[in-house]
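Let me begin by presenting the structure, written as structure tokens, before commenting on it.
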Amino acid sequence: MTEPLLDVRNLDLVLSRRGGNVPILQDISFQIMPGETYGLVGESGSGKSVTSLAIMGLLKKPLKVSGGQVVFQGQDLLKLRPRRMRDLRGDRVAMIFQEPMTALNPLSTVGRQIAEMYVLHQGKSWREARRLAIDALDSVKVPNPERRVGNYPHQMSGGLRQRVVIAMALACDPDLLIADEPTTALDVTVQAEVLRLIKELCAARGTAVLFISHDLGVIASICQRVGVMYAGCLVEENDTVALFSNPRHAYTRGLMGALPRLGSRLTHGRQRLVDIDSVIADRSVLTKTRFITPRGAANGESA
Amino acid sequence: MTGTPLLQIDDLHVRFPIAGGGLLGTGRRLLHAVNGLSLTLEKGECLSIVGESGCGKSTTALTVMGLQEPSSGSVSFRGAPFSGPGAPGRMQRAKAVQIVFQDPYASLNPRQTVHASLAAPLRLHGIRSASEIADRVETMLINVGLTADQARRYPHEFSGGQRQRIGIARALILEPEIVVLDEPVSALDVSIRAQIINLLLDLQEKYGLSYLMISHDLSVVEHMSDRVAVMFFGQIVEEGSWQHIFANPVHPYTRRLIAEIPDPDVAIRARDPAAGFTDVPLPQGRSFAMDGSNTPDVFTAPTPSELVEIDPGHRVRLSLRD
């Protein structure tokens, strides 16, 4: 069995306040294998984004990790000095966010922002970095890269901006890409293009992806393995096909029943959508059970 | 489909003057937001307009609400003009058509209690008795799944789903016949979305409401609609019953929208749903207008095309014979 690229072990995270800590994440454990696309799915406030921030060492007070390890390529990121962590970010681990405009500097051309990655992390000259930036724009299928390299972010559409952010993220060939709702702000057809792009590029380079989304459909279309988060807990984890065809946890089942499915009305007529609150009277029991099925063992026993 | 439809939109055009064009940047250009849109809405049905950002679906909704004057064309309600000369005043219009917005937080006054937000339209429409107002507000809150005592609270005290319920209550308090739903569940989490969709369908049945829904989410559209119109750059490219659109989409843009919606079942089956659609032979010498493969210039009037009925009630935009 190969070593996992990222091994999150029993991660606990709290919001520290006078008078005691409020638990935000409880005992989160999951592994991402090299080249694997792993999805974290959950509703607002389930803790999926804060998990990714904890991995990247980007938590702000009053949030803090209170236990567990984040082992990346054999070293515990939580013990890394801030300086070493900064070198790692953008180089070995890269991130893309929902809103590309916030990730881009409006006062600088996109070419310069991509080139910066090569200058800072790989010590290239600006002249060479600019050439590499054009190649990077070309690789994310931005039309006319020679011309676009001189564009400012506001001169581009949302879909193009997100491509620029992807080009920046993949510039240094990271081993892990963390994508936090990267297509949520985009139109359906643009979303499909950006998803295809992430899929193709990461498969070609062997980049592992931690893909965070609230959208079960997006998760199903891009991930090999999925963890379902609810109220700060990872309540179910399984290979994608097994998870969607045979959800075992009550919350996962509720979530899937709450989703209008394309084509379902044609085959089954209009079914009333599942109202999780009426199916599960006491939501507090949901975090008490967990169904973690090992990789490749779709019908294994729960851990 | 006989008699006068409840709402009829006829050859609607909306153009916006955009400053800054021409050689010196001082010229004015016309942005063609809606180009010759015709639709009817029958009593008790849900008609959805689907399309992506900038296709003109929200402009169409605003025109129906009377918040946007058409450049040409007309909107009529029960056969009487609803826009332009002879249109009813705001007060009458408010009793006919109301709207539920995407973001309930942005559309509720943060300084007004829920009671004040719901009572204001009743008072404006001449109901003086405080007890009658309180009764109607209370009944409406219960109808949308809230409790009577929540009327004294302010919008920030509610969750997103509850706020959307308040938005729905406010739209229904005057008992309108048509409710425009502008992306009513797009901002909500999956479990809350299901509750609001169920509520909207229950209310539609209970009050015989007619919905004009604006949405980009085709799974929600399939679930809720009776008829669907697909818009692309200001024009309807395909229109039909929900069965026509979802079982037998014909226009390439409709097929693309359906194929690219991320749906767990489709993704798991790992096949291209478009491959399952059967091609319909087009009339001799005709081709699809605006097939969605390239972006038309919004500043020039579109090339002539027409909606052709290929099956009763199922219309597709084809280029005019050249």
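The values are calculated or read from the model by the stated rules, or taken from the named source; none is laboratory data. Treat the numbers as computed from the prediction; the structure is a model and nothing was measured. Quick reminder, even Gly has a Cβ in these numbers, built from the backbone with ideal geometry, and neighbours come from all protein chains shown. With ligands, DNA and RNA removed, areas are computed over all heavy atoms of the protein, side chains included. Shrake-Rupley method; radii C 1.70, N 1.55, O 1.52, S 1.80 Å.
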Exercise for the section: Out of the residues in the range B:227-263 that are outside any helix (DSSP H, G or I) and within 11 Å of chain A (Cβ to nearest Cβ), state the one that is most open to solvent (accessible area, probe 1.4 Å). Expected result: B:N248
Handout entry: For B:I9: the one exception among (1) assigned to a strand (DSSP E or B); (2) closer than 22 Å to B:W242 by Cβ; (3) more than 15 Å from the chain's Cα centre (by Cα)
Key = (3)
Handout entry: Pair list, Cβ < 8 Å and 6+ apart or interchain, from the range A:256-269 residues that are more than 7 Å from chain B (Cβ to nearest Cβ) to residues that are of a type in the set (A, V, I, L, M, F, W, C) and open to solvent by 50 Å² or more (accessible area, probe 1.4 Å)
Key = A:G257/A:V279
Exercise for the section: For the range B:165-185, state whether one or more residues are assigned to a helix (DSSP H, G or I) and either within 14 Å of chain A (Cβ to nearest Cβ) or within 19 Å of B:D226 (Cβ to Cβ) (or both). Expected result: yes
Exercise for the section: Go through the residues of the range B:188-197 one by one and say whether even a single one is aliphatic (A, V, I, L, M), within 14 Å of chain A (Cβ to nearest Cβ), open to solvent by 10 Å² or more (accessible area, probe 1.4 Å) and under 23 Å from A:G217 (Cα atoms). Expected result: yes
Practice task
Name the single residue, out of those in the range A:270-297 being among the hydrophobic types (A, V, I, L, M, F, W, C) and in a loop (DSSP other than H, G, I, E, B), that is farthest from the other protein chains (Cβ to nearest Cβ).
Solution key: A:A297
Handout entry: Residue check, A:K64 assigned by TED's automatic domain parsing to the domain that holds A:D7, out of contact with any Asp or Glu (no Cβ under 8 Å at 6 or more places or on another chain) and not in a loop (DSSP other than H, G, I, E, B)
Key = yes
Exercise for the section: May I ask you to say which residue of B:A61, B:A106 is outside any loop (DSSP other than H, G, I, E, B) and under 12 Å from B:L212 (Cβ atoms)? Expected result: B:A61
Practice task
Considering only the range B:109-133, state which residues are of a type in the set (G, A, S), open to solvent by 40 Å² or more (accessible area, probe 1.4 Å) and part of a helix (DSSP H, G or I).
Solution key: B:A130, B:S131
Practice task
Identify all residues within the range B:4-21 that are open to solvent by 70 Å² or more (accessible area, probe 1.4 Å) and either on the phi > 0 side of the Ramachandran plot or modelled with pLDDT of 85 or more (or both); write none if there are none.
Solution key: B:T4, B:D10, B:D11, B:R15, B:P17
Handout entry: strands (runs of 3 or more DSSP E) contained entirely in the range A:131-245, each with at least 3 residues that are of a type outside the set (A, V, I, L, M)
Key = A:225-230, A:233-239
